[in-house]
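The values are calculated or read from the model by the stated rules, or taken from the named source; none is laboratory data. Just so it is clear, the model here is predicted, and its values are computed rather than measured. All Cβ positions, even for glycine, are placed from backbone atoms using ideal geometry, and neighbour counts span all protein chains on display. For the accessible areas, the whole protein counts, side chains as well, though only heavy atoms, and no ligand, DNA or RNA atoms are used. Shrake-Rupley method; radii C 1.70, N 1.55, O 1.52, S 1.80 Å.
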Amino acid sequence: MSNTYDLIVLGSGPGGYVAAIRASQLGLKTAIVERENLGGICLNWGCIPTKALLRSAEVFHQMKHAADYGLAAENITADLDAVVKRSRGVAKQLNQGVTGLMKKNKIDVVMGDGTITAPGKISVKTDKGEQALEAKNIIIATGARARDLPFAKADGKRIWTYRTAMTPPEMPSKLLVIGSGAIGIEFASFYNDMGADVTVVEMLDRIVPVEDEEISKFLEKSLKKQGMTIMTKAGVKSIKSDDKGVKAEIEDSKGNVETHDFSHVIVAVGIQPNIETIGLDQLGVQPDERYHIKTDAYCRTNIEGIYAIGDCTAGPWLAHKASHEGVIAAETIAGGHPHPMDVNNIPGCTYCHPQIASVGLTEAKAKDAGYDIKVGKFPFIGNGKAIALGETEGFIKTVFDAKTGELLGAHMIGAEVTELIQGYAVGKTLETTEAELMNTVFPHPTLSEMMHESVLDAYERVLHM
């Protein structure tokens, strides 16, 4: 293994390993430095294993409602250990897949803690000692970790972050989830479906606050119907845990503070970038106002030859954004001319029950940006495929510029919307207007027909409502 490269990637998550592959495809001699597992948090402890957990919960939920489909299923039970084992097996399989991709693309992998000691130089602490590497270019792809609350430090017993929540020592009986972003709501949904009594506390005035307001309201109503307790404009003031459980002081929206008992707590109040120990201060790499690495649209930092991608940079903090940034950075380094990143065209997905997906501006943000808008909506209950599936909960909403017909945003809640959203994402990337969407033939019977109807509704041409 050489110690001199065209590119070294620090971190092997969905941004880092994709950047390394694309760089290798472009003829760059490439190495990747990883301190834990190839595939990073997303593949090993995030996106993929959580979806495996949620799939098990979804099947369990459907089994309990077998009678709705003319079927009989009795004495339905869930084996949490087996559910977790399956999830870990899925992560292991994909980890092995990334290992194979590194070999296939002739990318050197150095396992250890990497520090950038100077532009073009990285020192790696491996189990065999220090290893010095050099490269013309470095991509920082070190990701992020769960943010702690000062009074609720995760202990892996009663107070959990996402990592413990994926490999729980026991099934919670009464669970408190602090934070209602994608991570918090997904775990709330999983444990609720698995039988826990779940309470979600959100300090803002609505859950999943980055989503369109109508989506937030619909989801809150649905989760309450499923048995969850949702507290918005609320805050956890203190947490005390022991072997028997957790006592949490919660201040409600009216300012009243009460003590509640829980068996476990999941803290999901955001992330912080993994950038403290990789040498950035000495190099003078500039952070943004939230202490993420500041980059331009081509992932370049203020230091020549040093790039940054993924969760250690500005949001949205999504695996697919990181992967796309990895491609942009690699192609820029190789002398290409990639399209710059446009965050308005990045779809976001939350895999709760019901699912949420969105791309572009919400209705409120479109108005704030000064647009005169047209808005269309179509409910799942009006779609034949949704009725046949027994999935009539949800709706699709589209937002257009009234002057130009440009698709500004799309927002969905309901079954399989995380698979549908890419249609609108392609449309936005192609700068689609309502005309192209109206004249597209959507297959029948499919859930995608609701996308068409939502567009038609914005222009008072809806057919099935």
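For the range 385-398, 3J(HN,Hα) computed residue by residue from phi via the Karplus equation (6.51, -1.76, 1.60; θ = phi - 60°) reads 5, 4, 5, 5, 6, x, 10, 9, 8, x, 7, 10, 10, 10 Hz, glycine and proline entered as x. In this structure, the amide hydrogen of Ile266, modeled 1.01 Å from its nitrogen in the peptide plane, lies closer than 5 angstrom to those of Trp160, Leu176, Val177, Ile178, counting only residues at least 5 positions away or on a different chain.
Here the 3J(HN,Hα) profile of the range 201-214, calculated from phi with Karplus coefficients 6.51, -1.76 and 1.60 at θ = phi - 60°, is 10, 10, 6, 7, 7, 7, 6, 5, x, 7, 7, 4, 4, 5 Hz, Gly and Pro shown as x.
Karplus-derived 3J(HN,Hα) values for the range 442-459, using 6.51 cos²θ - 1.76 cosθ + 1.60 with θ = phi - 60°, are 8, x, 10, x, 9, 5, 4, 4, 5, 4, 4, 5, 5, 5, 4, 5, 4, 10 Hz; glycine and proline are entered as x. Note on the chain: dipole from Cβ charges, positive end direction compared against Gly270, Thr164, Gln422; the farthest Cα belongs to Thr164. Loop-located GluC sites (Glu not before Pro) across the range 1-85 with a Cβ neighbour count of 11 or fewer within 10 Å are Glu74, with loop assigned by DSSP. Determine which residues of the range 152-182 fall in the zone a paramagnetic label at Asp81 would reach in this model, i.e. backbone nitrogen under 15 Å from the point 7 Å along Cα→Cβ. Counting backbone N atoms under 15 Å from the label point, the list is 167-171. Under the combined filter of DSSP loop state and at most 11 neighbouring Cβ atoms within 10 Å, the range 63-109 retains these trypsin sites (Lys or Arg not before Pro): Lys106.
Computed per residue of the chain from DSSP H runs no shorter than four, each worth -39500 (n - 2.57), the mean residue ellipticity at 222 nm is -9500 deg cm²/dmol.
With K and R counted +1 and D and E -1, the other residues having a Cβ less than 12 Å from that of Asp6 yield a net charge of 0. About the centre of its Cα atoms, the chain shows a dipole size close to 1020 debye [charges on the beta carbon of Lys, Arg (+1) and Asp, Glu (-1) only; nearest 20 debye]. Rounded to 0.05, the FRET efficiency of the Leu463 and His61 pair, given R0 = 35 Å and the Cβ-Cβ distance, is 0.65. Once you reduce the range 23-53 and the range 206-222 to the center of their Cα atoms, the two points are 32 Å from each other. Say a paramagnetic label sat at a point 7 Å from the Cα of Asp252, along Cα to Cβ; which residues of the range 188-207 have their backbone N under 20 Å from it? Inside the label zone: 197-207.
Normalised size of the range 373-456, defined as Cα radius of gyration per 2.2 N^0.38 Å with N residues, equals 1.02. Computed over Cα pairs, the Kirkwood radius of the chain leads via Stokes-Einstein (1.306 mPa s, 10 °C) to a diffusion coefficient of 67 µm² per second. If only the Cβ of Lys and Arg carry +1 and only the Cβ of Asp and Glu carry -1, the dipole of the range 350-465 around its Cα centre is close to 100 debye.
The Kirkwood hydrodynamic radius of the range 86-198, based on inverse pair distances between different Cα atoms, is 17.8 Å. In the context of the full set of protein chains, residues of the chain present 47 Å² of accessible surface per residue (probe radius 1.4 Å, heavy atoms only).
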